[in-house]
Amino acid sequence: MIMDFYTTNLFAFVAVNTLFLILNWRRSHRNHQDDVPKKDDLQSSEGALDQLKIKFLPVYLLVNGADWLQVLLSVFWTHRRL
């Protein structure tokens, strides 16, 4: 029963973050598809924010996914010993 709760939350976490990743990629791809990046664009606050998202998002997803996996495995091993 507890495993079902954590498994459901893990799949929901992965699904929501995958959706956000796809939407963010589409938005950035659509915005930068036609225009060539200029030096001024990269130094603008929006360009810097996009670069931060691109660098930060994979690390964030990896850390949170590892945390969920650790909880899931600890619950599994705890219930297996009982």
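The values are calculated or read from the model by the stated rules, or taken from the named source; none is laboratory data. Here the structure is a predicted model, which is why all the values come from computation and not from measurement. Backbone-built Cβ (ideal geometry, glycine too); neighbour counts: all protein chains shown.
Listed by first and then second residue, the pairs linking a residue in segment 6-30 that is over 23 Å from residue 68 (Cα atoms) and among the small types (Gly, Ala, Ser) to a residue that is modelled with pLDDT of 85 or more and in a helix (DSSP H, G or I), with Cβ atoms under 9 Å apart and 6 or more places separating them unless they lie on different chains, form an empty list. Residues being at pLDDT 85 or above, out of contact with any strand residue (DSSP E or B) (no Cβ under 7 Å at 6 or more places or on another chain), surrounded by 11 or more Cβ atoms within 10 Å (Cβ to Cβ) and among the acidic types (Asp, Glu) are entirely absent from segment 39-47.
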